[in-house]
Structure formats: structure tokens, C-alpha cells
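Enquirer: I am attaching a structure below and will ask some questions about it afterwards.
Values in this text are rule-based calculations from the coordinates and carry no lab data. In this text the structure is predicted, and so the values were computed from the model without any measurement. Cβ atoms come from the backbone with ideal geometry, glycine included; neighbour counts cover every protein chain shown.
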Amino acid sequence: MTQRTFGDDFLWGSATAAYQIEGGATEGGRGPSIWDSFSHTPGKTLNGDTGDVASDHFHRWREDVAEMKKLGIGAYRFSISWPRVQPGGTGEFNSGGIAFYSGLVDELIAAGIEPVVTLYHWDLPQELEDAGGWTNRDTAYLFAEYAKRMASELGTRISLWTTFNEPWCAAYLGYASGVHAPGRTDPAAALVAVHHLNLAHGLAGRAIRDVLGDTARLSITLNLHVTRPDDPSSAADLDAARKIDALGNRAFLGPLLDGAYPADLLADTASVTDWAFVRGGDLDVINTPIDVLGVNYYSTGRVRHFGGVGVPAQADGHGDSEASPWVGADDVEFLQQPGPYTAMGWNIEPAGLLELLESLRDTYPDQPLMITENGAAFGDEVTPDGRVHDADRVSYLHDHIAAVHDAIDAGVDVRGYFVWSLMDNFEWGYGYDRRFGIIRIDYDTQERIWKDSAYWYRTLVATNTLPELDAEVEAAATR
Ligand code: FCB
């Protein structure tokens, strides 16, 4: 079997997000975010878990950078908590919060690790939500002011500026199905949010370039959906898949990379909104060129046309709700994918990643890509030897990274791969029950324990070559 070796400049990293790891929710002058309010609302998260303490990264960040250095990774993707650096999302900035991220960035650079910053991983200052959140156009302009300030504070130390993580989740899960903060169930509001998130991306990108010039590298991370028709010979099923592609993918790719919302998206959602909130000039702003498109990938979906009575089965992968995240797609039904599955119930299908990357190459051949998240939750256990033998996670990572290599072989311009996640953390609606880390967190002691996947990843990074699954790992993976 030929070895899968990556290019010398291929970037290996790991990813986290502020609310999921930091804790210190009321410390250092941080203001409340929509996730504080949401997680503290009874019934919104599994076991009532909140991010108050999380993985205590706010206090243990030096230790965490030391772990990253031991892993040998070249880059760390983390997010800045907007309410930590600007508690109300408008007005005064918090110098203590800015100093926290500045110190983290210096520590990373000293460890030889490139800081890849995400400005928004879902934790909107609560004060802005009270004023309408992402349904209020002003939020986009305030976001650009926050981005500008971060650009002048952190400056050229940041190797890649990512405006948003998965605006799909922020808009549709936050405002339509309500399984994420702020927990609203208003389909029209979700589409307004889609546009204002897109607009905020463009405004922020321009603001960052105003401060740092054209050398600042820009990106946005999308969770693109690989959705297949149940019966590829059925026109109705093909149309169902097209609708999901429009809402899930092209509602973002269209304005970002083509400078227009797709006509079929506007038609599909005409009964929900007339899109009059899109103003002249907005699309030019959103279409500001990006250096890298971030791709988060976990699993695939399958749909068919729903002609029945009542409500079709819906999937969003992040929680159950009576309300659908798929606005204007009431005639689309999601079907259970064949297994195997992760602990999230997400199907494991590395071929979907190759398919996604190839389709992006076909549509946007000049757009460099980076895998900004990929990984899996499993029911990890600490064995008597004090280790976590997470053969299932090693196998998941192996097969997906092999798919990335296949994509590169097929001419796709993929620049890097970030494993989700560096460590176990607050998995949104599922709280601490679902563990994605390659490093285990003992939530009683906050001890960090390397899982087998961390050792395996370290070998991959050190050799730049995909390690084959050893016999023991392989046997355990299939048990
Ligand atoms: C993605 C999120 C990330 C994490 C993974 C499992 O949708 O960006 O924060 O929750 O899923």
C-alpha cells in the first residue's frame, strides 16, 4: 500500500471555541452571551450543563499551549469571545479580555504554533440579542467594529482571520429550530439572520483589511451539507436535495463567492420572506475575496420528497425540535443514513468529504480550502491503565484524513486540516455528555489525559504521513 504523505506546507492543527472550553464565565470583566442565557434556561441543554467552568481553559491556557506544543501541531484554531473583549457588544472594550487573547497569541507563537482566529463561534453578547440579535442589521455593523478593534490589537500576529464559524447553525438553529441560542423559532427571522451574518462577514473582512492591509488573510468557515436524494431517479427527491443544498450551502456560498443569492433559494422561501432586507451594495460587500474557505465536515444526509400529512422528519444533527431548521422546505423529509454512527448519532462516511471537496473544486476551482473541523464523539472510557484507547476515533480520523489526501491527489487545493477538538468540551445542547477531544478532560479534576488519538495525531504531524491503523487499533475499532 502506498504511503499517504502530505506537502511540506500542509498545516496540521486542532480547533476549539471560546464558550466550549474557557469557563471563567463571569471573570475578568466578561459580559453575558446568548449561550450563557440559553444554557442557564431549564431544559435547553442535556443535564442542564452550562459553559460556566467548561474545560477551565481561561485559567489553564498556558498548560493547554504546552500540550499543543507536545502534539507538535503547526496551528491552533480558537475563537474570541466577543463579550469577553466587549461585554455589551457595543461601546466600551474590556482591556483585561483583550489582554487574555493577546497573551494566548504570544504564547502560541513562542511555541511555534500559528494562531488561527475565529471572531464568532456563536456567543453573541446578550445585550445585542436583546436589541434583536442577528435579525437587527445594526449587529452586522457592530460586529465589524469589534473585528476592527481585534485587528488593531492582535495585528499581524494572527495568521488567518476567520469571521464566522458555521453561520448555518447560528441562523437556522438559533432562530428557526431553536435548539441553539438564542432559541427562537421564527422561520423568517432565520433568513434575515442568514443575510446579516453574511453582511457582517463582508463588513468585518473589509474592516480587518483597512487596519492590516491586503496581507491580512481572511476566511469564513461553513458546515457544508452533503445531501443525497433517496431515489436518484426521482425528480421529486432530486428537488428535495436541491432545496437543502440551497438553504444549507448556496445561501452562503452564493453571496460569498458569486456575489448573489441563488434564484431557486429566493423562490423556495418566497412564502416566508421577500428578502427585502437585502439592500443595494450588500452583495458587493459580502463578495469581498477570501484567502481560504474553511470547511467543517462530520457526516452526510439523505432526503426525499414528503407528500404526507403532518410534519416531515427533520434533521439538524444538533438536537430535537418540533420546529424545523429547514425554512421553506416543509416538503422535504430526512431519512436515517446507514451506519456506523458516532455518539452524536451522525453517520460515518469519509467518502462524503471527498465528494464535498471535489464538488467545491468543480464550482470554485481557484478557491483554496482548509478543513477547519473534523472529528467524532464516542463513548470514551478510561481503562485501568489510565489511558483512553479510543480506537474508534483513531479510525474515524484516519479514514477522513485519507479522504483529504485523495482529494489533494484529485487536484483539490486543500491547505490544512484541524481536528475537532483539541480537548473534550461543552458540546452545546449535549453539554459534557459528548466528548470530541483527542485530549480527555476529567471534569472533576480538570486533568488533561492524552487519548490514543492524540498520540496517533502526534505521529501524523511529526511524519507528515498518514500512519496506518495498527492491528490492535483496527481490531478494537471493529469490536
Ligand atoms: C460543529 C461546531 C463545533 C462542535 C462540532 C461538533 O458544528 O462548529 O463547535 O460543536 O460541531
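Enquirer: If we sort 275-281, 194-200, 121-127 on the protection proxy, mean other Cβ atoms within 10 Å, highest first, what's the order? Write down the numbers at each step before the final one.
Expert: Numbers: 275-281: 12.0, 194-200: 26.7, 121-127: 24.1.
For the peptides 275-281, 194-200, 121-127, the packing ranking is 194-200, 121-127, 275-281.
Enquirer: Next up: How high is the FRET efficiency between T41 and T185 when r is their beta carbon distance and R₀ equals 22 Å, given to the nearest 0.05?
Expert: 0.95
Enquirer: For the chain, count the residues as N, evaluate 2.2 N^0.38 Å, and divide the Cα radius of gyration by that value, please.
Expert: Working: Rg = 21.1 Å, N = 479, 2.2 N^0.38 = 23.0 Å.
That ratio works out to 0.92.
Enquirer: Considering only C-alpha atoms, what is the centroid distance from the stretch 122-178 to the stretch 55-101, in Å?
Expert: 16
Enquirer: For a protection proxy built on the mean count of beta-carbon atoms within 10 angstrom, sort 71-78, 134-141 highest first, please.
Expert: Working: 71-78: 23.0, 134-141: 19.9.
With the highest mean Cβ count within 10 Å placed first, the list reads 71-78, 134-141.
Enquirer: Using the Karplus equation 6.51 cos²θ - 1.76 cosθ + 1.60 (θ = phi - 60°), what ³J(HN,Hα) coupling, rounded to whole Hz, does each residue of the stretch 216-224 give in order, writing x for Gly and Pro?
Expert: Ordered by residue, 3J(HN,Hα) equals 5, 9, 10, 7, 9, 10, 10, 9, 6 Hz.
Enquirer: In nm, to one decimal, how far is the D239 label point from the K69 one, both placed 7 Å along Cα→Cβ?
Expert: 6.1
Enquirer: When only Cα pairs under 8 Å and 6 or more residues apart are kept, what is the percent relative contact order across the stretch 405-470?
Expert: Over the stretch 405-470, the number comes to 17 percent.
Enquirer: I would also like to ask the following. Mind checking the full-extension length gain between R387 and D444? Use 0.36 nm per residue of separation minus the Cα-Cα distance, one decimal, nm.
Expert: Taking R387 through D444 to full extension adds about 18.9 nm, to one decimal.
Enquirer: Go through 355-363, 230-238 and give me the packing order, highest mean Cβ count within 10 Å leading.
Expert: Ranked by mean Cβ neighbours within 10 Å, highest first: 355-363, 230-238.
Enquirer: Another one. If you rank E114, E22 by fewest surrounding Cβ atoms within 10 Å, what's the result?
Expert: E114, E22
Enquirer: Let me ask you something else. Return the percentage of antiparallel bridges among DSSP beta bridges fully within the chain, rounded to the nearest 5 %.
Expert: 25
Enquirer: Testing the spin-label approximation: label points 7 Å from Cα along Cα→Cβ at A131 and D264. State their distance in nm.
Expert: 3.9
Enquirer: Next up: How many angstrom separate the Cα center of the stretch 308-363 from the Cα center of the stretch 403-429?
Expert: 19
Enquirer: A further question follows. What residues have an amide H closer than 5 Å to that of E114, excluding those fewer than 5 places away on the same chain, when H is modeled at 1.01 Å from N in the peptide plane?
Expert: Result for E114 returns A75, Y76.
Enquirer: What value, in deg cm²/dmol to 500, does the helix sum -39500 (n - 2.57) over DSSP H runs of n ≥ 4 give at 222 nm once divided by the residues of the chain?
Expert: Mean residue ellipticity, 222 nm, calculated: -11000 deg cm²/dmol.
Enquirer: Please report the net charge: other residues with Cβ closer than 12 Å to the Cβ of G202, K and R +1, D and E -1. Each step should come with its number before you reach the end.
Expert: Working: positive: R206, R209; negative: D282, D284.
Summing Lys and Arg as +1 and Asp and Glu as -1 gives 0.
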